[in-house]
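First the structure, in the form of structure tokens, and then the observations on it.
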Amino acid sequence: MIPDNIDAPIWRYLSLEKLESLLESNALYFTRADLLGDGHEGSYSEPTIKRRPVFYEGATEHFIKKGLPDIHKMWRLCAYINCWHVNKGESEAMWKLYAKDNKSITIYSTISLLKKSILDAQREFRLGFVNYIDYENDYMTEANAFAPFFFKRKIYEHEKEFRILTDELEKINKVSKGEIEPLKGLLIPIDIKLLINKIVISPFSDIDFENEVIKLLKKYNLLNKLIHSSISREPKF
């Protein structure tokens, strides 16, 4: 599921606290799919569901109408996702969406650097752009069980999201039986200096916040990665 353009620029907008956690742990946080804030995560479109009697020819009606939906709901408890924004440059809309009290930064990287920076060789990872569709009219495949995690409703189209997904499906039986509680998230070890190409401070922040960021980056020898936002540049006439 690696996209053709592996050098595409990607951005991750974070609070200072989350940046500090990232640098301290040397790990990316993957959130469980059902906790991402969109109740439709991992769900299917209406045309896909209507086609199930054909796709699952020979299956019982109970399996199609009850069994499959239950299985797909369980998958959400074992799928973990890390999200990025795809764009050639900064996005003012994303700054305003994620910049609480104008105190945030964004990490600039590329898909290639993200892929290379992952240090966990035991897990499988799936990377891809999110497809934004009309869930009332557009068909999506069921041939790939991970496909629904790379589809979202068109109302989220502004996010221009790129995702990396890993799973713990080996635990799904115990989770479904209530024998274990699924983790809320996973910390995946990464090479921080390889992942981070640049760090940009919110153009809406003040000097005090900038000094906090500088202090933090000095601590982790990453000050050379810091650049100022292009949005805050003075206009020329």
**Asked** Leu187 passes all but one of (1) closer than 29 Å to Glu92 by Cα; (2) aliphatic (A, V, I, L, M); (3) open to solvent by less than 40 Å² (accessible area, probe 1.4 Å); which number fails?
**Response** (3)
**Message:** Given the condition at pLDDT below 95 and surrounded by 12 or more Cβ atoms within 10 Å (Cβ to Cβ), answer yes or no: does some residue in the range 218-227 qualify?
**Reply:** yes
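Condition check ((1) farther than 21 Å from Trp11 by Cα; (2) over 19 Å from the mean Cα position of the chain (by Cα); (3) touching a residue at least 40 places away in the same chain (Cβ under 8 Å)) across all residues:
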residue	(1), (2), (3)
Ala147	yes, no, no
Lys171	yes, yes, yes
Pro203	no, yes, yes
Leu222	no, yes, yes
**Message:** Within the range 158-173, does at least one residue satisfy the condition of being open to solvent by 70 Å² or more (accessible area, probe 1.4 Å), in a helix (DSSP H, G or I) and farther than 24 Å from Gly39 by Cβ?
**Reply:** yes
**Complete:** Taking the range 156-179 and keeping only residues that are β-branched (Val, Ile, Thr) and modelled with pLDDT under 95, one is left with Ile172, Val175
**Asked** If you check Asp208 against the conditions, is it among the acidic types (Asp, Glu) and at pLDDT 95 or above?
**Response** no
**Request:** Scan the range 45-66 and give yes if some residue there is surrounded by fewer than 19 Cβ atoms within 10 Å (Cβ to Cβ), farther than 30 Å from Asp208 by Cβ, in contact with a Pro (Cβ under 9 Å, 6 or more places away or on another chain) and of a type in the set (Gly, Ala, Ser), otherwise no.
**Result:** yes
**Item:** Condition met for Ile199 (in a strand (DSSP E or B), touching a residue at least 40 places away in the same chain (Cβ under 8 Å) and in contact with a helix residue (DSSP H, G or I) (Cβ under 6 Å, 6 or more places away or on another chain))
**Value:** yes
**Message:** Looking only at residues that are touching an Asp or Glu at 6+ places or on another chain (Cβ under 8 Å) and more than 29 Å from Leu113 (Cβ to Cβ) in the range 132-152, which one is least open to solvent (accessible area, probe 1.4 Å)?
**Reply:** Tyr135
**Fill in**
When every residue in the range 124-145 that is under 29 Å from Ser109 (Cα atoms) and among the small types (Gly, Ala, Ser) is compared, the one nearest to the chain's Cα centre (by Cα) is Gly128
**Prompt:** In the range 77-100, how many residues are in a helix (DSSP H, G or I), out of contact with any strand residue (DSSP E or B) (no Cβ under 6 Å at 6 or more places or on another chain) and either open to solvent by 10 Å² or more (accessible area, probe 1.4 Å) or more than 20 Å from Pro9 (Cβ to Cβ) (or both)?
**Reply:** 5
**Asked** What number of residues within the range 49-72 are outside any loop (DSSP other than H, G, I, E, B), within 17 Å of Met140 (Cα to Cα) and of a type in the set (Lys, Arg)?
**Response** 2
**Prompt:** Among the residues of the range 101-131, which ones are open to solvent by 50 Å² or more (accessible area, probe 1.4 Å) and aromatic (Phe, Trp, Tyr)?
**Reply:** Tyr108, Phe129
**Pick from the range 107-157, criterion of a type in the set (Lys, Arg) and assigned to a helix (DSSP H, G or I), ranking: farthest from Trp75 (Cα to Cα)** = Lys116
**Request:** Report, by residue number, each residue of the range 1-27 that is over 18 Å from Phe129 (Cβ atoms) and either in a strand (DSSP E or B) or open to solvent by less than 10 Å² (accessible area, probe 1.4 Å) (or both).
**Result:** Leu14, Ser15, Leu19, Leu23, Ala27
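The values are calculated or read from the model by the stated rules, or taken from the named source; none is laboratory data. Nothing here was measured: the structure is a model prediction, and the numbers come from that model. Neighbour counts are summed over all protein chains in view; Cβ atoms, including those assigned to glycine, are modelled from backbone coordinates with ideal geometry. The accessibility values were calculated without ligands, DNA or RNA, using every heavy atom of the protein model including side chains. Shrake-Rupley method; radii C 1.70, N 1.55, O 1.52, S 1.80 Å.
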